[in-house]
Each structure stands twice: as structure tokens, then as C-alpha cells.
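> Mind looking over this structure? Questions follow.
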Amino acid sequence: MLIPEIEAFLQCQTPQSWIDCALDHPEELLLDHANCEKKAAGTALTLMFRYPEREELLQHLSRLAREELRHFEQVTAIMKKRGMRYRQITASSYAQRLHKHAAKQEPEKLIDSLIILAFIEARSCERFYRLAPFLDEELGRFYTSLLKSESRHFEGYLRMAQLYAKQPIDQRVAFFAEVEREAILTEDEVFRFHSGVPKQATETAQA
Ligand SMILES: [Fe+2]
Ligand SMILES: [Fe+2]
């Protein structure tokens with residue numbers, strides 16, 4: 001079940017056209033999913049190096065990085081079983097669209113980064129939830145299990161943002177919610193795990 005906190009946090013549902021596109025591109029889905037897990041671990045490590053004096057954050061990120069790497073191993077194992085080869089593919093512009101609005105000065109930069117990461121985790125969680133019913137048994141079970149960890153990651157990032165913010169974060173959360181909604185509803189040339197509305201879908205809709 002998608003937790004109500006995530007349902008309320010995200011300002012739009014993943015469009016059905018993205019789900020359809022994901023089902024048509026099983027290899028790209030798994031490939032980019034694997035990349036996202038690797039990237040999530042990398043981001044956690046980057047923050048550990050950037051904020052070595054934030055003790056609680058450090059412990060939190062260390063556990064999180066390990067969990068993301070475990071997810072990476074799980075996705076790539078499924079890929080291997082299915083005869084798919086892991087390779088690097090270009091990232092979608094989703095994360096970039098969010099990160100470009102992050103404050104440049106500390107401590108706001110840290111708070112914004114944590115809020116943005118909470119959105120990325122929440123969207124992953126929502127996508128696992130929406131995809132799961134359409135997938136084969138093995139993948140459906142795997143995505144349902146990931147949904148639980150990603151919802152914990154969402155809560156963790158949000159909790160860290162609240163912990164280190166000097167003032168309430170509601171306004172910043174509302175701002176990034178809007179940016180995130182736009183990213184999800186914007187047309188995207190390439191299909192990726194966090195991409196927007198697939199280009200073909202808008203073309204078909206217009207035809
Ligand atoms: Fe993960
Ligand atoms: Fe995660």
C-alpha cells in the first residue's frame with residue numbers, strides 16, 4: 001500500500017502513459033532503475049563527505065547508502081537472470097530539474113538537498129506502487145518490497161531536513177512539490193525511471 005503521507009506529499013500521480021511506456025521498455029526500466037539505486041548510494045556518500053560534522057545525518061546516510069547498494073545488487077541480479085547486461089545509460093533530466101532550484105548558501109543548501117531527495121524517494125516509491133500490479137510475479141514482489149524501503153528513505157530525508165532547518169520547512173516543501181509535479185507532467189524525449197510524460201504519448205494524444 002502506498003502510504004498516505006506520500007500520497008499527500010506528491011502533487012500528482014504518475015500518468016498512465018508513463019506506466020504503459022515502462023511496460024513497453026522492460027530493459028530500459030531495469031537498467032535505469034539499477035542506475036538510480038547506484039546514484040542514490042553515491043548521493044548519500046557525497047553528502048557524508050560534504051557534511052562530516054552532522055553526526056545524525058552521517059549515521060543515517062551511511063545506513064542508507066548500504067541499503068541502496070543492496071538494491072543495486074538485487075536489480076542487477078534480476079537483469080542477469082533475464083539475460084540483460086548492465087551498462088551505463090544517460091540520466092533523465094528529472095533530478096537536475098529539481099537540484100537546479102537548490103539554494104547555493106549553507107545551511108539552506110543542505111535543507112533543500114534533503115527536501116529534493118525526499119521527493120525523489122517519494123516518487124520512486126509511488127512508481128514502484130503503480131507499476132507492481134502490471135509486472136510479472138518476481139518483479140512485482142521485488143517492487144513491492146522496495147516500496148517499503150523507499151518510503152522509509154522518504155521519511156528519513158524529510159526528518160533530517162526538519163532536524164537541521166532553523167525554521168519550518170513547509171514553504172520550501174510546497175515549492176519543490178510544484179517543481180516536481182511539473183517535471184513529472186512535462187514531456188520527455190527519453191524514457192527513464194523518473195522521466196516525465198513519454199513523447200510518443202503526447203504525439204498519439206494530439207494525432
Ligand atoms: Fe533504493
Ligand atoms: Fe532509496
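The values are calculated or read from the model by the stated rules, or taken from the named source; none is laboratory data. Quick caveat: nothing in here was measured; it's all calculated off a predicted structure. Cβ coordinates were reconstructed from backbone atoms using ideal geometry, including for glycine residues, and neighbour counts include every protein chain displayed.
> Applying the selection to the stretch 109-146, what residues are surrounded by fewer than 17 Cβ atoms within 10 Å (Cβ to Cβ) and among the hydroxyl-bearing types (Ser, Thr, Tyr)?
Listed by number, the residues that qualify are THR144, SER145.
> Also, quick follow-up: How many residues are polar (S, T, N, Q) and closer than 18 Å to ASP112 by Cβ when one looks only at the stretch 45-68?
Residues of the stretch 45-68 polar (S, T, N, Q): 46, 59, 62.
Next, from what is left, pick out any that are closer than 18 Å to ASP112 by Cβ: 46.
Residues flagged as polar (S, T, N, Q) and closer than 18 Å to ASP112 by Cβ within the stretch 45-68 amount to 1.
> Now a separate question. Can you run down the residue pairs with Cβ atoms below 7 Å, 6 or more apart or on separate chains, where the first is in the stretch 137-157 and farther than 15 Å from ARG123 by Cβ and the partner is within 11 Å of ligand 1 (Cβ to nearest atom) and part of a helix (DSSP H, G or I)?
PHE142/GLN74; GLY156/LEU64
> Only one of TYR157, TYR164 is of a type outside the set (A, V, I, L, M, F, W, C), within 14 Å of ligand 1 (Cβ to nearest atom) and in contact with a Leu (Cβ under 8 Å, 6 or more places away or on another chain); which? Give the derivation first.
Values: TYR164 fails: within 14 Å of ligand 1 (Cβ to nearest atom).
Answer to the check: TYR157.
> PHE193 is checked against (1) within 16 Å of ligand 2 (Cβ to nearest atom); (2) in contact with a His (Cβ under 7 Å, 6 or more places away or on another chain); (3) assigned to a helix (DSSP H, G or I) and fails just one. What number does that condition carry?
Exception for PHE193: condition (3).
> Output the residue which, of all residues in the stretch 73-88 that are exposed (fewer than 14 other Cβ atoms within 10 Å of the Cβ) and within 19 Å of the chain's Cα centre (by Cα), is modelled with the lowest pLDDT.
Filtering the stretch 73-88 for residues that are exposed (fewer than 14 other Cβ atoms within 10 Å of the Cβ) and within 19 Å of the chain's Cα centre (by Cα), the one modelled with the lowest pLDDT comes out as GLN88.
> Looking at ASP136, is it of a type outside the set (Gly, Ala, Ser) and closer than 19 Å to ALA91 by Cβ?
No, not satisfied.
> Now a separate question. Just checking, does the stretch 38-47 include any residue being under 19 Å from GLN96 (Cα atoms), surrounded by 16 or more Cβ atoms within 10 Å (Cβ to Cβ) and more than 16 Å from ligand 1 (Cβ to nearest atom)?
Checked against the condition, which is being under 19 Å from GLN96 (Cα atoms), surrounded by 16 or more Cβ atoms within 10 Å (Cβ to Cβ) and more than 16 Å from ligand 1 (Cβ to nearest atom), the stretch 38-47 yields no hits at all.
> Go through the residues of the stretch 56-68 one by one and say whether even a single one is crowded, with 18+ Cβ neighbours inside 10 Å, within 12 Å of the chain's Cα centre (by Cα), more than 14 Å from ligand 1 (Cβ to nearest atom) and more than 18 Å from LEU2 (Cβ to Cβ).
no
> When you scan the stretch 1-105 for helices (runs of 4 or more DSSP H) that lie fully inside it, which ones turn up with 2 or more residues that are aliphatic (A, V, I, L, M) and touching a helix residue (DSSP H, G or I) at 6+ places or on another chain (Cβ under 9 Å)?
Passing ranges, in order: 16-24, 26-50, 55-81, 94-99.
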